[in-house]
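The values are calculated or read from the model by the stated rules, or taken from the named source; none is laboratory data. Computed from a prediction, not measured in an experiment: that's the story for all the values here. Here the Cβ positions follow ideal geometry from the backbone for every residue, glycine too, while neighbour counts run over all protein chains shown.
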Amino acid sequence: MEQQISPGKSWYDRQYKLLIVIPIIILIASIVYISFFYIQHNDFIYKDVSLSGGTSITLHGDVDSAKLESDLKLQFSDLSIRKLTDLTSAQPIAIVLESSAQPEELKQAIESSLGYPLTDDNSSTEFSGSTLSESFYKQLILAIVISFILMSFVIFILFRTFIPSIAVIFAAFADIVMPLALINLLGIKLSAAGIAAFLMLIGYSVDTDILLTTRALKKREGTLNERIFGAFKTGTFMTITALFAVLPAFFIVTGLPDSFRQIFLILALGLLADLINTWLTNASIIKWYCEKKGIN
Amino acid sequence: MAKLTFRIWLLIIALILAVLAISPWLSLEKGVLIKSVEKNSTFFNEGIRAGMTLTSINSQQINNIEDYSRVIGSIFPLKEETKITIIADGNTFIIFTNETLKIDISALPTSKIKTGLDLSGGARALVKPEQSLSSSEMSDLIAVTSNRLNVFGISDVTVKPVSDLQGNSFMLVEVAGLTSSDLKDLVSQQGKFEAKIGNDTVFIGGKRDITYVAKSGQEAGIESCFQTDSGYVCRFRFSVYLSPEAAERHANITSKLSLNLSSTGYLDKTLDMYIDDNLVDSLFISEELKGKATTQISVQGSGAGAAKEDAFNSAQENMRKLQTVLITGSLPYKLEIVKLDTISPVLGKEFTKNLILLALVVFAIISLVLLIKYRKIKITLSVILTMFSEALITLGIAALINWNLDASSIAGIIAGMGTGVNDQIVIIDESISSQRESLKEKIKRAFFIIIGAFFTIIAAMLPLFWAGAGMLKGFALTTILSVSVGILITRPAFADILKKIQKE
């Protein structure tokens, strides 16, 4: 590696402050999008019934969803139907019907459309009262805020310097905002488990930032660029293997519960965002900081 | 062979303990598990109890549920009184009956790992009292509810208090093998206590008829314990004070009774106690009480167990249940079911099957990626071994603390494994970086990074223990467990293994 980075002004030395522009643009775009989303929907996300209240009925097996939809759409205007398919065999596994209706109403309507009764063996029913769901949602948002504050404390205690700590925390913030915008853009309805995944992201995404900051500030070998580049090699490899642990979980476990998969989708999006935020944003800030402080 | 360090030994011991805790050999056992036996049926009276392992019916070996269904299908329904020989827990029970079979069974557990409701199937209700309750009121509510479910002969039920970040308290009821409408009926139904002599009601639970129930001191407690053929029995007694009206009713009803001929000193009818119309206890009435308007009566009962301590605890629990029902009568709080789920067991099976496939795919892909990057089989193997150890030890702890693994708990284990690999990459990359620093220094820096990452994960997951009435507690718990296992056991061992590999 020593040969690749010349001791004089390399491309990275000249351009690193510009690199930060890319993540900043994405972050601003995400925030603007989420703000518009909030104005439009009066909320930050699309919520599934576990967060908005209502009934979710899962019918197991190969069920004709088109007939169900046409039969039920009139009675339940907010009905949504999702089909779940096994990725390995391409077989339909189940369909999920969600509505704000009471479980008995929805169940009866489904039974009369299908022509057979729903039992333990062919279906699952989940009902959440609207007050409870609203309080769940509020608490999970509160949990994210608390988590973020606790994580920030840990980072400050770890590094005990202001700018490097703020850089890590800023990267973690961007790691949450970017996937959130993408999830909204894809029109995915978040479940309680999905929000828990965002919490996980707070803890999961900062380890590469800690690696970078530690190598840059505490390692005594090599030049600053070498240390940052070394951290980059280790860190990207970490993120890639983490993606390899998380993506199969999203693709393979197409059985239920559906919320399980959402956790892994969000973690994967967060890890991708982390590649940008650690190696463009955080790395540039730490390099600038080290140069100011004369840490080489 | 190189000498193993203390940390490697610690890992080996943790792995052995985890396997012991999980007990995978349980899957080799043959038979079916008796889940419940209807009270007062011939089967119950002969001594067959929930929790026993049934291995044979009429000399036909029962290895699994299929065998059971086949044999039962050939015997039932019975037209006349028939002899049935059942072997359970090694004991032979001979039953003469013309009843239908009043036993519920399920497959034997294949290990000590318990799965959550969303994987094993069942019904769950989250119940919120309309007013806020103190913790003792909440425990009364829970006692009344579990009592009621037990009275109805429902096994596999857990009733526990949960609270959330906003200070709301809930009661969570989880039942395997029950539909949500049954559960809804049971939970929202008012508990009703009645004490009857014959068909006449003497008093009912609640403030109107009962002025005071002694809960401790000289008027309440365990009286005696004695040994029986099958273990120990402890008897309890406590005093109940009745209102004058209830005492008057007692006098009127008992004045019409005559003396018991078979056991002297008692009247010919008993005082029968019912909860929601199910008989829970019958007390003999002393002949001195005949026609008397007594306001103080003594309620007795017992509890049994294999050891004296078990019998004592069981008696105490039964006493507490009875006291609660007498005091509260019906449920004093208006309840609202805020969440009600029924999960089909079919879906969980599919999920478990997919999980095994998932584990294999993840291990294979990560091995390949590591092999391409480091080009060393030994390093790759030790990373995979560490990942596997972490998952195994986490599962072992879950089995040990009787944690019900639900889907989100499993997601937590997978996420924990992901961070585990990350940490190991940090250790490897630090240790193979250039030679100027000592290996010890490099490992030390690696651990600074790892410990930092560990605390941020803990900080991030901590609020989940409370948010949303603890419904996502499993996710937080298994993630924290698995990263803790990582930092305390597997990571130090991995660093030592790596040192050995480097030296070679």
- Hey, B:GLU288 surrounded by fewer than 16 Cβ atoms within 10 Å (Cβ to Cβ) and either within 10 Å of chain A (Cβ to nearest Cβ) or within 30 Å of B:GLU219 (Cβ to Cβ) (or both) or not: yes
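Within region B:451-467, take every residue that is assigned to a helix (DSSP H, G or I) and under 23 Å from the mean Cα position of the chain (by Cα) and give me the one that is nearest to the other protein chains (Cβ to nearest Cβ). If you could, list the steps in order and put the result at the bottom.
So the first thing to find is which residues in region B:451-467 are assigned to a helix (DSSP H, G or I), and the list is B:451-465, B:467.
Retained after the next criterion (residues that are under 23 Å from the mean Cα position of the chain (by Cα)): B:464-465, B:467.
Numbers: B:LEU464: 6, B:PHE465: 9, B:ALA467: 4 Å.
That would be B:ALA467.
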- Item | Complete set of residues in region A:114-139 that are farther than 19 Å from A:ASN42 by Cα and surrounded by fewer than 17 Cβ atoms within 10 Å (Cβ to Cβ) | A:GLY115, A:TYR116, A:PRO117, A:THR119, A:ASP121
- Message: Where the second residue is of a type in the set (D, E, K, R) and assigned to a helix (DSSP H, G or I) and the first is more than 7 Å from chain A (Cβ to nearest Cβ) and lies in region B:334-348, which pairs have Cβ atoms under 9 Å and are six or more apart or on separate chains?
- Response: B:ILE337/B:LYS184; B:GLY348/B:ASP118
- Message: When the residues of region B:478-504 are narrowed to those that are more than 24 Å from B:GLU174 (Cβ to Cβ) and β-branched (Val, Ile, Thr), which ends up surrounded by the fewest Cβ atoms within 10 Å (Cβ to Cβ)?
- Response: B:ILE501
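For B:LEU326, state whether it is aliphatic (A, V, I, L, M), on the phi < 0 side of the Ramachandran plot and out of contact with any helix residue (DSSP H, G or I) (no Cβ under 8 Å at 6 or more places or on another chain). It would help to see each step written out before you state the result.
On the way: aliphatic (A, V, I, L, M): yes; on the phi < 0 side of the Ramachandran plot: yes; out of contact with any helix residue (DSSP H, G or I) (no Cβ under 8 Å at 6 or more places or on another chain): yes.
Yes; evaluated as a whole, the condition is true for this residue.
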- Among the residues of region A:119-134, is there at least one that is under 28 Å from B:SER120 (Cα atoms), more than 7 Å from chain B (Cβ to nearest Cβ), of a type outside the set (Gly, Ala, Ser) and touching a Leu at 6+ places or on another chain (Cβ under 6 Å)? no
- For residues that are touching a Ser or Thr at 6+ places or on another chain (Cβ under 7 Å) and in a loop (DSSP other than H, G, I, E, B), scanning just region B:147-159, find the one that is modelled with the highest pLDDT. B:SER155
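Where residues in region B:118-146 are part of a strand (DSSP E or B) and within 21 Å of the chain's Cα centre (by Cα), which of them is modelled with the lowest pLDDT?
First, the residues of region B:118-146 that are part of a strand (DSSP E or B): B:122-129.
Those left that are additionally within 21 Å of the chain's Cα centre (by Cα): B:122-127.
Numbers: B:GLY122: 81, B:ALA123: 84, B:ARG124: 85, B:ALA125: 86, B:LEU126: 87, B:VAL127: 86.
Per the stated criteria, the residue is B:GLY122.
Report yes if B:GLY470 is more than 7 Å from every other protein chain (Cβ to nearest Cβ), modelled with pLDDT under 90 and either crowded, with 23+ Cβ neighbours inside 10 Å or closer than 30 Å to A:SER128 by Cα (or both), otherwise no.
Working: more than 7 Å from every other protein chain (Cβ to nearest Cβ): yes; modelled with pLDDT under 90: yes; either crowded, with 23+ Cβ neighbours inside 10 Å or closer than 30 Å to A:SER128 by Cα (or both): yes.
Answer is yes for this residue.
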- Task: Filter region A:268-296 down to residues that are touching a helix residue (DSSP H, G or I) at 6+ places or on another chain (Cβ under 8 Å) and among the charged types (D, E, K, R) and give me whichever is surrounded by the most Cβ atoms within 10 Å (Cβ to Cβ).
- Result: A:ASP274
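Name the one entry in A:ILE57, A:ILE22, A:ILE31 that is buried (at least 19 other Cβ atoms within 10 Å of the Cβ) and touching a helix residue (DSSP H, G or I) at 6+ places or on another chain (Cβ under 7 Å).
Working: A:ILE22 fails: buried (at least 19 other Cβ atoms within 10 Å of the Cβ); A:ILE31 fails: buried (at least 19 other Cβ atoms within 10 Å of the Cβ).
Being buried (at least 19 other Cβ atoms within 10 Å of the Cβ) and touching a helix residue (DSSP H, G or I) at 6+ places or on another chain (Cβ under 7 Å) holds for just one of A:ILE57, A:ILE22, A:ILE31, which is A:ILE57.
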- Item | Residue, surrounded by the fewest Cβ atoms within 10 Å (Cβ to Cβ), within region A:171-197, restricted to residues that are assigned to a helix (DSSP H, G or I) and of a type outside the set (A, V, I, L, M) | A:PHE173
- Message: Could you tell me how many of the residues in region B:412-458 are at pLDDT below 85 and polar (S, T, N, Q)?
- Response: 5
- Query: Quick one: what pairs do we get from region B:279-302, first residue assigned by TED's automatic domain parsing to the domain that holds B:CYS234, second acidic (Asp, Glu) and at pLDDT 80 or above, C-beta under 7 Å, 6+ apart or different chains?
  - Reply: B:LEU279/B:ASP272; B:SER282/B:ASP272; B:ALA293/B:GLU248
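Among the residues of region A:93-109, what is the count of those that are in contact with a Gly (Cβ under 8 Å, 6 or more places away or on another chain) and either within 15 Å of A:ASP64 (Cβ to Cβ) or facing chain B (nearest Cβ under 10 Å) (or both)? So that I can check it myself, show each step before the final result.
Here is the first cut: in region A:93-109, the residues in contact with a Gly (Cβ under 8 Å, 6 or more places away or on another chain) are A:93-94, A:98-101.
Retained after the next criterion (residues that are either within 15 Å of A:ASP64 (Cβ to Cβ) or facing chain B (nearest Cβ under 10 Å) (or both)): A:93-94.
So the answer is 2.
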- Query: Which one of B:PHE448, B:PHE475 is within 11 Å of another protein chain (Cβ to nearest Cβ), farther than 29 Å from A:GLU134 by Cβ and either touching a helix residue (DSSP H, G or I) at 6+ places or on another chain (Cβ under 9 Å) or surrounded by 22 or more Cβ atoms within 10 Å (Cβ to Cβ) (or both)?
  - Reply: B:PHE448
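Please go through region A:149-164 and give me each residue that is touching a residue at least 40 places away in the same chain (Cβ under 8 Å) and either surrounded by fewer than 20 Cβ atoms within 10 Å (Cβ to Cβ) or polar (S, T, N, Q) (or both), ordered by number.
Let us first name the residues in region A:149-164 that are touching a residue at least 40 places away in the same chain (Cβ under 8 Å), namely A:151, A:155, A:158-159, A:161, A:163-164.
Of everything in region A:149-164, those that are touching a residue at least 40 places away in the same chain (Cβ under 8 Å) and either surrounded by fewer than 20 Cβ atoms within 10 Å (Cβ to Cβ) or polar (S, T, N, Q) (or both) turn out to be A:THR161, A:ILE163.
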- Are any of the residues in region B:349-359 touching a His at 6+ places or on another chain (Cβ under 6 Å), within 7 Å of chain A (Cβ to nearest Cβ) and within 24 Å of A:SER50 (Cα to Cα)? no
- Message: If I filter region A:256-267 for residues that are crowded, with 22+ Cβ neighbours inside 10 Å, more than 10 Å from chain B (Cβ to nearest Cβ), modelled with pLDDT of 90 or more and closer than 20 Å to B:THR456 by Cβ, do I get at least one hit?
- Response: yes
- Item | Failed condition for B:ILE384, given (1) among the aliphatic types (A, V, I, L, M); (2) over 29 Å from B:ALA21 (Cβ atoms); (3) crowded, with 17+ Cβ neighbours inside 10 Å; (4) in contact with a helix residue (DSSP H, G or I) (Cβ under 9 Å, 6 or more places away or on another chain) | (2)
- Task: Taking B:LYS440 as meeting all but one of (1) more than 25 Å from A:ILE155 (Cβ to Cβ); (2) at the interface with chain A (Cβ under 8 Å from one of its Cβ atoms), write down the number of the exception.
- Result: (2)
- List the number of the failed condition for A:TYR204; all other conditions in (1) part of a helix (DSSP H, G or I); (2) touching a Lys or Arg at 6+ places or on another chain (Cβ under 7 Å); (3) at pLDDT below 90 hold. (2)
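State whether one or more residues within region B:362-385 are of a type outside the set (Asp, Glu) and within 21 Å of A:SER259 (Cβ to Cβ). Give the derivation first.
Filtering region B:362-385 down to residues of a type outside the set (Asp, Glu) leaves B:362-385.
Then keep just the ones that are within 21 Å of A:SER259 (Cβ to Cβ); that gives B:362.
Yes, region B:362-385 contains a residue that is of a type outside the set (Asp, Glu) and within 21 Å of A:SER259 (Cβ to Cβ).
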- Message: I'm checking my understanding of the structure. Among residues of region B:89-136 that are surrounded by fewer than 19 Cβ atoms within 10 Å (Cβ to Cβ) and on the phi > 0 side of the Ramachandran plot, which one is nearest to the other protein chains (Cβ to nearest Cβ)?
- Response: B:ASP89
- Note on the structure: The number of residues in region A:206-230 that are more than 9 Å from chain B (Cβ to nearest Cβ) and either free of Cβ contacts under 8 Å to residues at least 24 places away in the same chain or under 17 Å from the mean Cα position of the chain (by Cα) (or both) is 1
- Message: Going residue by residue through region A:42-59, is there one that turns out to be farther than 30 Å from A:ALA283 by Cα, modelled with pLDDT of 90 or more and of a type in the set (A, V, I, L, M, F, W, C)?
- Response: yes
